[in-house]
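Participant: After the structure tokens below, expect a handful of questions from me.
The values are calculated or read from the model by the stated rules, or taken from the named source; none is laboratory data. Quantities reported herein were computed from a predicted structural model and do not represent experimental measurements. No Cβ is skipped: glycine too gets one built from the backbone with ideal geometry, and neighbour counts run over all protein chains shown. These accessible areas exclude ligands, DNA and RNA; they are computed on the full protein's heavy atoms, side chains included. Shrake-Rupley method; radii C 1.70, N 1.55, O 1.52, S 1.80 Å.
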Amino acid sequence: MKLIALLALPLLSLSVGALYNATVVYQSPDPLHLLFEDLVARASGHLLLTACNSSTLHSFDPSRSETGLTPIHTFPNCDGLMGIVEIEPDVFAVASGFIDLIAKRGANMTVWTVDLNPSHSAPLVRKVAVVPNCSILDGFSTIPGSPHLILSADPGMGVVWQINLVTGASRIAFDDPSMSVDGPPPALGVNGIHVRDGFLYYSNSDATTFSRIPVQLNANEDMVRAGNAAAQLMSTAQPAGFDHEYDGFDFDEEGRVWAATHTGAVTLITQRGEGSFEAEIVAGSLVGPSIIEEPSSAQFGRGSAEQAATLYVTTAAGQLLAVDTSAGAPGSTEKCHVKQPRCY
């Protein structure tokens, strides 16, 4: 796909040996393992996990990994969950729908809020929006300054939706060639997204790119592109080829991007200068055996300094992995890569 809106930037993409160890802290059992889609870390240190082949939101306590998953809530009229994001302390927005794992598209895509504040005896779950014209709601992002709005990537349409959690209204907020999908199902475009420091950062699956666009709130409090600024290409997944692509990602305290990268790695993207970025494989591998199998999302832990230095990665192989980023160490490769089905 030609990304005609992208600026030509000097990029340094390094496919090197892994610098950090990845450890499997949970493995969903066969034969019907969970195809993990997204995760979010709570202030308590617990993790919330969605799977695109399960209507149940699960919790995982990294300090008691032997206890496995704890079901939080099962949503009606769906067979899978997609994006999740914290919208206020211990309150989360979650997408549900009927997910076609072959076409990588959804139906009845619905957004809910889940309030897990301990003052409640049980989770408070509320249906807040249905987005009938989307193809699937994938990565979620909050909008700084607008607690009632979120953004959602729609990789099937190659656009980003803005969703009002109070009124239920939705609109296409961003439709840029750098986000587009190049072909019929199961082709995918924009996937993981985050708004940070005046930019919308996003991955494009089939284009194998990671980019950003300057954004701002307009007078109507809608998220829009800032001026006529073009999208900036930050990195292209290397080595280029089928299924070597960026997915969900998170930022560390230095503003560096840690991106889940198919088929089996985590990529660190660092800005080195004005318009110059460096990409480096820091866990797993894209070209050989890897303990990470089809990673889908990545987020740093919370609750302690140790958790803040731990990057948690979900995979379509039903894995939850912990990557210790506090010190460099040889990456683990004792588990051979096996291609798994995934829904995005």
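Participant: Once the other residues with Cβ under 9 Å from the Cβ of L268 are scored (Lys, Arg +1; Asp, Glu -1), what is the net sum?
Facilitator: That sum, taken over residues with Cβ under 9 Å, equals -2.
Participant: Continuing with this model, one more query. At a 1.4 Å probe radius, which order do L32, L69, L200 fall into by accessible area, largest first?
Facilitator: Correct descending sequence by accessible area is L32, L69, L200.
Participant: Right, next: Under a GNM of the chain (C-alpha, springs under 10 Å), which listed residue has the highest mean-square fluctuation: A219, A237, A308?
Facilitator: Maximum fluctuation in the GNM of the chain, among the listed residues, is at A219.
Participant: Taking the Cβ of V91 as the centre, find all other residues whose Cβ is under 11 Å away and add up their charges (Lys, Arg: +1; Asp, Glu: -1).
Facilitator: Numbers: positive: R42, R126; negative: E86, E88, D90, D115.
Net of charged neighbours comes to -2.
Participant: I've got another one for you. Sort segment 160-223 into rounded, prolate or oblate with this rule: let a ≥ b ≥ c be the square roots of the eigenvalues of the Cα gyration tensor; rounded if a/c is under 1.5, and if a/c is not under 1.5, prolate when a/b is larger than b/c, oblate otherwise. Intermediate values should be presented prior to the final figure.
Facilitator: Working: a/c = 2.51, a/b = 1.50, b/c = 1.68.
It comes out oblate by the Cα gyration axes.
Participant: To continue, here is another question. Note the listed values [x] 29, 55, 15, 0; [y] 34, 61, 5; [z] 28, 51, 15, 5, 1, then indicate which one is P(r) over Cα pairs in 20 Å bins from 0, in percent calculated from this particular structure.
Facilitator: Recomputing P(r) over Cα pairs in 20 Å bins from 0, in percent here picks out [y].
Participant: If I model a spin label at S119 and A103 as a point 7 Å from the Cα along the Cα→Cβ vector, what separation in nanometres do I get?
Facilitator: Taking the two extended label points, one gets 4.4 nm.
Participant: Enumerate the amide H contacts of D79 below 5 Å, restricted to partners 5 or more residues apart or on another chain; note that Pro and chain-start residues carry no placed amide H.
Facilitator: It is G97, F98, I99, by chain and number.
Participant: Is any residue of segment 98-121 close enough, with backbone N under 18 Å, to a label point placed 7 angstrom from the Cα of T74 along the Cα-Cβ axis, and if so, which?
Facilitator: 98-99
Participant: Suppose a student asked you for the relative contact order of segment 81-192, using Cα pairs under 8 Å spaced at least 6 residues apart; what percent would you report?
Facilitator: RCO, segment 81-192: 20 percent.
Participant: Once neighbouring chains are kept in place and the probe is 1.4 Å, which whole percent of the accessible area of segment 159-290 is contributed by carbon and sulfur?
Facilitator: The computed percentage sits at 47.
Participant: Using only the alpha-carbon atoms, what does segment 78-175 span along each of its principal axes? Please give whole angstrom values in decreasing order.
Facilitator: That gives 41, 30, 18 Å along the principal axes, largest extent first.
Participant: List the equivalent ellipsoid semi-axes of segment 180-258 in whole Å, largest first, each obtained as the square root of 5λ for an eigenvalue λ of the Cα gyration tensor.
Facilitator: 24, 16, 10
Participant: How much accessible area per residue does segment 178-249 have, counting only protein heavy atoms and a probe of 1.4 Å, in square angstrom?
Facilitator: Each residue of segment 178-249 exposes 36 Å² on average to a 1.4 Å probe.
Participant: Let me ask something additional. Sort M179, M157 by accessible area with a 1.4 Å probe, largest first. List each step's numbers first, then the result.
Facilitator: Numbers: M179 0, M157 75 Å².
These residues rank, largest area first, as M157, M179.
Participant: Give the share of C-alpha pairs in each 10 angstrom bin for segment 120-251, from 0 to the last occupied bin, in whole percents, shortest bins first.
Facilitator: 13, 43, 31, 11, 2, 0
Participant: Okay, helix-only estimate at 222 nm for the chain: each DSSP H run of n ≥ 4 adds -39500 (n - 2.57), divide by all residues, round to 500 deg cm²/dmol; what do you get?
Facilitator: Rounded to the nearest 500, it is 0 deg cm²/dmol.
Participant: By how many nm would the segment from T167 to D197 lengthen if fully extended, with 0.36 nm per residue of separation less the alpha-carbon distance?
Facilitator: 8.2 nm
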